[in-house]
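Inspection log for the structure reproduced underneath, given as structure tokens.
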Amino acid sequence: MADFGISAGQFVAVVWDKSSPMEALKDLVDKLRALTGDEGRVSVENINQLLQSAHKESSFDIILSGIIPGSTTLHSAEILAEMARILRPSGCLFLKEPVETAVAVNNSKVKTASKLCSALTLSGLVEVKELQRKFLSPEEIQSVREHLGYHSDSLLSVQITGKKPDFEVGSSSQLKLSTTKKSSGKPAVDPAAAKLWTLSANDMEDESVDLIDSDELLDPEDMKKPDPASLRAASCGEGKKRKACKNCTCGLAEELEREKSRDQISSQPKSACGNCYLGDAFRCASCPYLGMPAFRPGEKVLLSDSNFNDA
């Protein structure tokens, strides 16, 4: 019992199941009652009835589950959460359970040691660690087959402990916030440090300060106006169809616009008499502009939809 740290006046809970030998359970309870004394208490609970028990929160200092020799108790997530609930802050849980060591085995009934430690952590316990690992006795192997219906040659028995944090679940604490007002003034600046980064007009008039003329940094070649052709990109205007870039800066877009205007003017029919733009009164019978309104020379004639409507 010294391994569990039980002393006089403590409240201890012993959890058992159908695989626990009754004689071993009775011997364990007698030893615990001798340790806790009259001021303490030892409660015996069946694991299947633990969730229906009337224990209040923070009822026990220590909980022993599956510790009875020959017991092969399995602990579900709900059972572990209930044990964490009825534990007092800083109380300890000691449990023993058969675990699977084969990596390839995927069975939801028997957990591995790492999954069992994770389950204790998820239930709210801290400082979870494995205390002991040993092979199952022949009686325990037979108990696993009879009570759990599980057959495996790679089972081990592990003993794990966990501790409840030193605060109760759902507890709250008032935060002590400082009510003193912070000074709104600017922090003091070291005069020596400020002087290093200060440049006055008097400092600029010092004869020891050499200023560089920006025009002296330019070469004669930099002053020449660049050739527009040299500003074009290597791929600008190449290919079967010349096309300017979206943000053209080399002048290709203006050049293509001028070519387009010249093509529009050259595509218009040429007047033989030179009076086509004056109107039908001055046009000959074979004039291509016959029936069109008067227009300025070189202007492209466009008819709106209203011109085709009957009066």
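Being of a type outside the set (Asp, Glu), open to solvent by less than 100 Å² (accessible area, probe 1.4 Å), at pLDDT below 80 and over 47 Å from the mean Cα position of the chain (by Cα) is the filter here; which residues of the stretch 193-225 pass it? Reasoning before the result, please.
Step one: filter the stretch 193-225 for residues of a type outside the set (Asp, Glu), giving 193-202, 204, 208-209, 211-212, 214, 217-218, 220, 223-225.
Still in the list and also open to solvent by less than 100 Å² (accessible area, probe 1.4 Å): 193-194, 198, 200-201, 204, 208-209, 214, 218.
Now narrow it down to the ones that are at pLDDT below 80: 193-194, 198, 200-201, 204, 208-209.
Passing the criteria: 200, 201, 204, 208, 209.
All of (1) surrounded by fewer than 14 Cβ atoms within 10 Å (Cβ to Cβ); (2) in a strand (DSSP E or B) hold for residue 153 with one exception: (2).
Each row is one residue, and each column tells you yes or no for (1) within 26 Å of residue 12 (Cα to Cα); (2) aliphatic (A, V, I, L, M); (3) in contact (Cβ under 8 Å) with a residue 12 or more places away in the chain; (4) in the same structural domain as residue 74 (by the TED database).
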| residue | (1), (2), (3), (4) |
| --- | --- |
| 90 | yes, no, yes, yes |
| 110 | no, yes, yes, yes |
| 117 | yes, no, yes, yes |
| 123 | yes, no, yes, yes |
| 129 | yes, no, yes, yes |
| 133 | yes, no, yes, yes |
| 151 | no, no, no, yes |
| 156 | no, yes, yes, yes |
| 159 | yes, no, yes, yes |
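Among what's in the stretch 59-87 and is outside any helix (DSSP H, G or I) and touching a residue at least 60 places away in the same chain (Cβ under 8 Å), pick the residue that is farthest from residue 155 (Cα to Cα).
If we take residues in the stretch 59-87 being outside any helix (DSSP H, G or I) and touching a residue at least 60 places away in the same chain (Cβ under 8 Å), then 87 is farthest from residue 155 (Cα to Cα).
Considering only residues of the stretch 138-171 that are small (Gly, Ala, Ser) and within 21 Å of residue 82 (Cα to Cα), which is modelled with the lowest pLDDT? Give the steps one after another, and end with the answer.
Restricting attention to the stretch 138-171, the residues satisfying the condition of being small (Gly, Ala, Ser) are 143, 149, 152, 154, 157, 162, 170-171.
Cutting the leftovers down to within 21 Å of residue 82 (Cα to Cα) gives us 162, 170-171.
On the way: 162: 94, 170: 71, 171: 75.
Step by step, filter the stretch 138-171, then rank; the result is 170.
Please determine, by comparing only the residues of the stretch 8-37 that are of a type in the set (Gly, Ala, Ser) and in contact (Cβ under 8 Å) with a residue 40 or more places away in the chain, which one is surrounded by the fewest Cβ atoms within 10 Å (Cβ to Cβ).
Pass one, the stretch 8-37, residues of a type in the set (Gly, Ala, Ser): 8-9, 13, 19-20, 24, 34, 37.
Retained after the next criterion (residues that are in contact (Cβ under 8 Å) with a residue 40 or more places away in the chain): 13, 19-20, 24.
Numbers: 13: 25, 19: 22, 20: 24, 24: 15.
Within the stretch 8-37, the match that is surrounded by the fewest Cβ atoms within 10 Å (Cβ to Cβ) is 24.
Considered as a group, the residues in the stretch 267-311 that are open to solvent by less than 100 Å² (accessible area, probe 1.4 Å) and modelled with pLDDT under 65 include one that is nearest to residue 244 (Cα to Cα), and that residue is 267.
Answer with yes or no whether residue 159 is closer than 15 Å to residue 71 by Cβ, open to solvent by 40 Å² or more (accessible area, probe 1.4 Å) and not in a loop (DSSP other than H, G, I, E, B). Talk me through it step by step, then tell me what you get.
Details: closer than 15 Å to residue 71 by Cβ: yes; open to solvent by 40 Å² or more (accessible area, probe 1.4 Å): no; not in a loop (DSSP other than H, G, I, E, B): yes.
Spelling it out, it is not the case that residue 159 is closer than 15 Å to residue 71 by Cβ, open to solvent by 40 Å² or more (accessible area, probe 1.4 Å) and not in a loop (DSSP other than H, G, I, E, B).
Any residue that is in a loop (DSSP other than H, G, I, E, B), hydroxyl-bearing (Ser, Thr, Tyr) and closer than 19 Å to residue 129 by Cα - is there at least one of those in the stretch 42-58?
To start, the set of residues in the stretch 42-58 that are in a loop (DSSP other than H, G, I, E, B) comprises 50-58.
Of the ones still in play, those that are also hydroxyl-bearing (Ser, Thr, Tyr) are 53, 58.
Add one more test, that the residue is closer than 19 Å to residue 129 by Cα, and what stays is none.
Within the stretch 42-58 (the criterion being in a loop (DSSP other than H, G, I, E, B), hydroxyl-bearing (Ser, Thr, Tyr) and closer than 19 Å to residue 129 by Cα), the answer is no, since none of the residues qualifies.
Applying the selection to the stretch 15-41, what residues are in a strand (DSSP E or B) and of a type in the set (D, E, K, R)?
41
For every residue, the table says whether it meets (1) open to solvent by 10 Å² or more (accessible area, probe 1.4 Å); (2) in contact with an Asp or Glu (Cβ under 9 Å, 6 or more places away or on another chain); (3) among the aliphatic types (A, V, I, L, M).
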position	(1), (2), (3)
48	yes, yes, no
54	yes, no, yes
64	no, no, yes
75	no, yes, no
89	yes, yes, no
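The values are calculated or read from the model by the stated rules, or taken from the named source; none is laboratory data. Computed from a prediction, not measured in an experiment: that's the story for all the values here. Cβ sites come from the backbone with ideal geometry, for glycine too, and all protein chains shown count toward neighbours. In case anyone asks, the SASA skips ligands and DNA or RNA and just uses the protein heavy atoms, side chains included. Shrake-Rupley method; radii C 1.70, N 1.55, O 1.52, S 1.80 Å.
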